[in-house]
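Please read the structure below before turning to the comments.
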Amino acid sequence: MTKDDTLTVWQVVELARHPERPYALDYIRRWAPDFVELHGDRLGADDSALVGGVGSWAGRTVMFLGQQKGRNFPERVRRNFGMMHPEGYRKAMRLARQAAKFRFPVVCLIDTPGAYPGAAAEERGIAAAIAHSIMEWFWLPIPVVAAVIGEGGSGGALGMAVGDRVVMLENSIYSVAMPEAAASIVWRDNSRKVEVAEQLQITSRDLLAMGVVEEVVEEPAGGAHTDFDATAKALERTILRYLEALTRTPTEELLQHRYERFRYIDSLIHADADFGPKVGSGPA
């Protein structure tokens, strides 16, 4: 099984969004058959776009958090197409704090076009919820491994991806904004999405080369949707390898390395004058 470097960036985007691609629950149920889902942010609601709960995995109890899309239209609507509301981020941090209390490691599975941008989410504080989540991940005194399994869009992904190690499936994407949104913002023309995708450096190959992620997990030929079991086993091996090392790391060192990891990413962004689409390089 070898990496296919012949795919265009847009073909990778399409594979990341493939409707038959494995979602978070497809992995969790294979890894931890005794998985128990937990609900609610304890403030007012439960967000079905986020699945969270505990399960036994390779001899240890793990807190799983996964952004979940739906397989059919009614489920997609119920899960808001994987776009979390403020309640989803608050639920995630409630469960992460619970994991810290009992010293369970956390595994986050990232798959979202972005946080929900609707008026109701804005009214309930979506920006503050994401900001508080990002801040709190840095304080969490337990191992955290995040895996981008499909789309990793904007703050919707970053609010769940402040981990000690971040990995990506081969045909996943991770970006400051989805190509359509970036094209609309920069050029007011979302038909230029393919052009923007080429510039955003959103593929696993790009992000591994920049040092934004630690590892790319290869998928079966044709994509993850062609063999759920093989993809789950490959991702399992990678995450467990990192968890094994992280669980032996002293807490102070764990938190310091987590901080330094993201300071390094910040330095990359500020050092690259050509980062992102070039404003003014096309018609307004």
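Residues of the stretch 3-62 that are acidic (Asp, Glu), more than 17 Å from residue 95 (Cβ to Cβ) and loosely packed, with under 15 Cβ neighbours inside 10 Å: 5, 14, 20. Restricting attention to the stretch 146-166, which residues are touching a residue at least 60 places away in the same chain (Cβ under 8 Å), within 16 Å of residue 238 (Cα to Cα) and crowded, with 24+ Cβ neighbours inside 10 Å? Across the stretch 146-166, the qualifying residues are 147, 148, 149, 163, 164. Here 203, 251 are screened, and the one residue that is touching a residue at least 60 places away in the same chain (Cβ under 8 Å), among the polar types (S, T, N, Q) and under 19 Å from residue 161 (Cβ atoms) is 203.
Whether any residue in the stretch 28-44 is β-branched (Val, Ile, Thr) and touching a strand residue (DSSP E or B) at 6+ places or on another chain (Cβ under 6 Å) is what I want to check. Checking the stretch 28-44: at least one residue is β-branched (Val, Ile, Thr) and touching a strand residue (DSSP E or B) at 6+ places or on another chain (Cβ under 6 Å).
Residue pairs whose Cβ atoms lie under 6 Å apart, sitting 6 or more positions apart in sequence or on different chains, and linking a residue in the stretch 56-80 that is closer than 20 Å to residue 102 by Cα to a partner that is of a type outside the set (A, V, I, L, M) and in a helix (DSSP H, G or I), are 57/31. The residues listed here are 122, 136, 180; of these, the one that is of a type in the set (Asp, Glu), surrounded by fewer than 19 Cβ atoms within 10 Å (Cβ to Cβ) and under 17 Å from residue 92 (Cα atoms) is 136.
Considering (1) modelled with pLDDT of 95 or more; (2) in a strand (DSSP E or B); (3) not acidic (Asp, Glu), the lone condition that residue 99 does not fulfil carries the number (2).
Here residue 141 fits the description: closer than 30 Å to residue 99 by Cβ, in a loop (DSSP other than H, G, I, E, B) and either among the hydroxyl-bearing types (Ser, Thr, Tyr) or modelled with pLDDT of 95 or more (or both). When every residue of the stretch 102-119 is checked against the conditions, at least one turns out to be modelled with pLDDT of 95 or more, farther than 19 Å from residue 162 by Cβ and part of a helix (DSSP H, G or I). Report yes if residue 196 is closer than 30 Å to residue 60 by Cα, crowded, with 19+ Cβ neighbours inside 10 Å and of a type outside the set (D, E, K, R), otherwise no. The answer is no for residue 196.
Please determine, by comparing only the residues of the stretch 170-191 that are aliphatic (A, V, I, L, M) and not in a loop (DSSP other than H, G, I, E, B), which one is nearest to residue 8 (Cα to Cα). Once the filter is applied, the top-ranked residue is 173.
Kindly indicate whether residue 173 is in contact with a helix residue (DSSP H, G or I) (Cβ under 6 Å, 6 or more places away or on another chain) and either surrounded by 21 or more Cβ atoms within 10 Å (Cβ to Cβ) or of a type in the set (Gly, Ala, Ser) (or both). When the stated conditions are applied, residue 173 passes them. Inside the stretch 18-60, residues that are modelled with pLDDT of 95 or more, in a loop (DSSP other than H, G, I, E, B) and of a type in the set (Lys, Arg) make up a count of 1.
From the list 157, 161, 234, 221, which one is in contact with a strand residue (DSSP E or B) (Cβ under 7 Å, 6 or more places away or on another chain) and either assigned to a loop (DSSP other than H, G, I, E, B) or β-branched (Val, Ile, Thr) (or both)?
Of the residues listed, the single one that is in contact with a strand residue (DSSP E or B) (Cβ under 7 Å, 6 or more places away or on another chain) and either assigned to a loop (DSSP other than H, G, I, E, B) or β-branched (Val, Ile, Thr) (or both) is 161.
Listed conditions (1) in contact (Cβ under 8 Å) with a residue 40 or more places away in the chain; (2) part of a loop (DSSP other than H, G, I, E, B); (3) surrounded by fewer than 17 Cβ atoms within 10 Å (Cβ to Cβ) are all met by residue 268, apart from (2).
The values are calculated or read from the model by the stated rules, or taken from the named source; none is laboratory data. All figures in this text were calculated on a predicted structure; none of them were measured in a lab. With ideal geometry, Cβ positions are generated from the backbone for all residues, glycine too; neighbour counts draw on all protein chains shown.
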